[in-house]
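Here is the structure we will look at.
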Amino acid sequence: MIFDKLANVITRRYKLIIAIWIVALLIAIPAILNVSNAVTYSTDLTAGQDNESLRVSKIIEENFQNSVANSSLIIVMQSNNMTDAQSRDFVLELQQRLDASRDIVHLLLF
């Protein structure tokens, strides 16, 4: 019932409806042009300095001269003593798990 009335109004006054849409679009143009001024995309504002990914990014920048591709996997381990037996065993076990993984196609270990 309500759709019949709506359809009758649209078919009778289609020129008026088209004119209203054109006016609405003309009014919206300034807002559309200023969208980039109102919206900012900055991840630095939301991430604190203690964010783990930012700390690792800084370590990567300091220790690798070349840029690292996004598809690369870099594992950063920190310890007071990375030369002890426990750290060595952890690295060897991690290496064995990565070697056994079928998800990693190209694996280079340094």
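The values are calculated or read from the model by the stated rules, or taken from the named source; none is laboratory data. Computed from a predicted model, the values in this text were never measured in an experiment. Heads up, the Cβs are rebuilt from the backbone with ideal geometry, glycines too, and the neighbour counts pull from every protein chain shown.
Is it the case that ILE32 is assigned to a helix (DSSP H, G or I), surrounded by 10 or more Cβ atoms within 10 Å (Cβ to Cβ) and at pLDDT 70 or above? Criteria not met by ILE32. A residue that is part of a helix (DSSP H, G or I), of a type outside the set (A, V, I, L, M), modelled with pLDDT under 80 and assigned by TED's automatic domain parsing to the domain that holds GLN95 can be found somewhere in the stretch 63-70.
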